[in-house]
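To keep things clear, I will list the structure first and then write my remarks on it.
The values are calculated or read from the model by the stated rules, or taken from the named source; none is laboratory data. Bear in mind that the values here come from a model prediction, so they are computed numbers and not experimental data. FYI the Cβ positions are ideal-geometry reconstructions off the backbone, even for glycines, and counts take in every protein chain you see.
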Amino acid sequence: MTLDNILEEIKKAQTIVILCHESPDGDAVASSLSVMHAVKQLGKDADVVIPKYSKVFNFLPGADKIKDKGRYESYDLAIAVDCSDLKRLVGEEEYFETAKKTIEIDHHSVNSMFADYNYVDPVAPACCQVLIAMFEYFGINIDKELGTCILAGIITDTGGFQWGGVTPETFEFAAELLRKGVNISKLCQQVLRNKTKAHCEFEKLIYERIEFYYNGKLAVAYLTLEDYQKISKDSGDDEGLVDMIRDIEGVEVAVLLKEKEGTGGFKASMRSKDQVNVSDIGLLLGGGGHHNAAGCFVPGTLEQSKNKIVSLIIQEMNKYSF
Ligand SMILES: [Mn+2]
């Protein structure tokens, strides 16, 4: 069984590196730290390598150990978490390709299964929920520190138990973590509610710019390089902005286009409320994600990118009856 292989590889390895996807969200950072805490119990000192992440996650137990570079040229074992595709993995060339063995642990349903051992649960709402099952199998003690990381990941990806994909197990796990002393209201405050001033500035701009299509069911806004220069370039300040567009009454699909320096195009973050599968749209443009949350890169000027994504989404929306 895959989990037996994974445990064996962890036990065999002298050096381990843990990696996650680019622009890491709470689930990616928390999954990385959770694996670090867990393998520590197995007697291994793993390196979590994340060159750029939001300072919002600095409160997570073990975040002070995050490295922007690995300690070794080549690791015995590389573990990728919360990442469905090698292209999105940070440190792919330096650490993943050069590792003797590789493991992927994830919850994205469209998944390229790129490692030697892939443990993927496509119905889990967060990678951290996949980890719980794995840790239980390994006999890892989920203490308050590890539990805080795990719950932070679950809270991030479910928007605090709000989005589709939350299962009865999610609440059972959460209840168990609360019994261990994890402070859920503090975690929600830190991971979900807390906004930087720059984030609020971005919000203001977006509210001014929202354009509606398809009878108000599709809403689109954008941020340009000029906006980032004026407001903030800190990663994390522009996280979660697309959700406020989705929250508007009548909106079924929300898109936020963020201009990316040096790429000649925009990253499109997409959210849907219910039926529309935005992951399908992401895939058409070489991106991906989940049914209700996905992303992709759209080359071109603002007008070109906007027209491209709007027409693709409208084509997709025509398949549904609202
Ligand atoms: Mn995730």
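Remarks
- Region 86-134, residues that are polar (S, T, N, Q), over 19 Å from S34 (Cβ atoms) and within 16 Å of the ligand (Cβ to nearest atom): S109, N111, S112
- Residue that is assigned to a loop (DSSP other than H, G, I, E, B) and either more than 14 Å from the ligand (Cβ to nearest atom) or buried (at least 24 other Cβ atoms within 10 Å of the Cβ) (or both), where the choices are C83, C20: C83
- On inspection, A152 fails the criterion of being among the small types (G, A, S), surrounded by fewer than 18 Cβ atoms within 10 Å (Cβ to Cβ) and within 16 Å of the ligand (Cβ to nearest atom).
- The residues of region 114-149 that are over 17 Å from the mean Cα position of the chain (by Cα) and part of a loop (DSSP other than H, G, I, E, B), listed by number, are F114, A115, D116, G139, I140, N141, I142, D143.
- The set of residues in region 243-297 that are farther than 20 Å from S232 by Cβ, touching a residue at least 24 places away in the same chain (Cβ under 8 Å) and part of a helix (DSSP H, G or I) comprises R246, V278, S279, D280, I281, L283, L284.
- Selection within region 27-56 - modelled with pLDDT under 95 and either outside the structural domain of G147 (by TED's automatic domain parsing) or not in a loop (DSSP other than H, G, I, E, B) (or both): K55, V56
- G139 being away from the ligand (no atom under 11 Å from the Cβ) and closer than 21 Å to L177 by Cα: yes
- Neighbours by Cβ (under 6 Å, 6+ apart or cross-chain): first from region 58-80, loosely packed, with under 14 Cβ neighbours inside 10 Å; second assigned to a strand (DSSP E or B) and modelled with pLDDT of 95 or more: K67/D47; K67/V49; R71/D47
- Any hit, region 39-46, residues being more than 19 Å from the chain's Cα centre (by Cα) and in contact (Cβ under 8 Å) with a residue 60 or more places away in the chain: yes
- Screening G216 with (1) loosely packed, with under 15 Cβ neighbours inside 10 Å; (2) closer than 30 Å to L146 by Cβ gives one miss only, at (2).
- Qualifying residue in region 167-190 (condition: within 16 Å of the ligand (Cβ to nearest atom) and part of a loop (DSSP other than H, G, I, E, B)): yes
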